[in-house]
1. Scanning the range 1-23 for residues that are of a type outside the set (D, E, K, R) and out of contact with any helix residue (DSSP H, G or I) (no Cβ under 9 Å at 6 or more places or on another chain), which turns out surrounded by the most Cβ atoms within 10 Å (Cβ to Cβ)?
2. Scan (1) acidic (Asp, Glu); (2) within 25 Å of Glu140 (Cα to Cα); (3) more than 15 Å from the chain's Cα centre (by Cα) for the single condition Asp69 breaks and write down its number.
Amino acid sequence: MTEPKRVYRRAVDVPKEIDDYWHSRWAEVMNERYRSEFVKAGLPGHTFTEKAPDAPNGEGGYHFGFTRDGRFEFRSSEGAAVVEWDSYELAYRALSDPSYDPQPDIAAGRCRYTKNPEHFAMAVGVIDRFREALRDVITETEKRFGVELPKYW
């Protein structure tokens, strides 16, 4: 008899092991598929941080960037551009939900671009690629770990 799937309704509740896996796999998939698009968008050399105090990685957010040749990678230090979210749930939704409008959260102070917001604007042109890779990786992660992860698509 197979065990029932563990269902995670909130992104913040996803165990670190699963969170680490999907983030790592997500970077791989994005590089396999979209590196040339990242280059065309002008992203090589840019670094970012998305802060969320309750991020599952236990580090208060995620640091990432693009190498000079356009490869997406997670990093260990704060990026040149920073956005602060009141919760990881908001950040996860902003990433995964194509209908998400950040303006109400910005107006309410739940989302704050605190350093070089124009760098984030450069990434808007490829956000659908981030989301495509995320959908595929979340599906893969669910199968690998026998879980159901939160989705906004």
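1. Ranking the qualifying residues of the range 1-23, first place goes to Val7.
2. The failed condition is (2).
A short reminder: the numbers here are calculations on the coordinates, not readings from a lab. All figures in this text were calculated on a predicted structure; none of them were measured in a lab. Note that we place each Cβ from the backbone using ideal geometry, even for glycine, and neighbour counts take in every protein chain shown.
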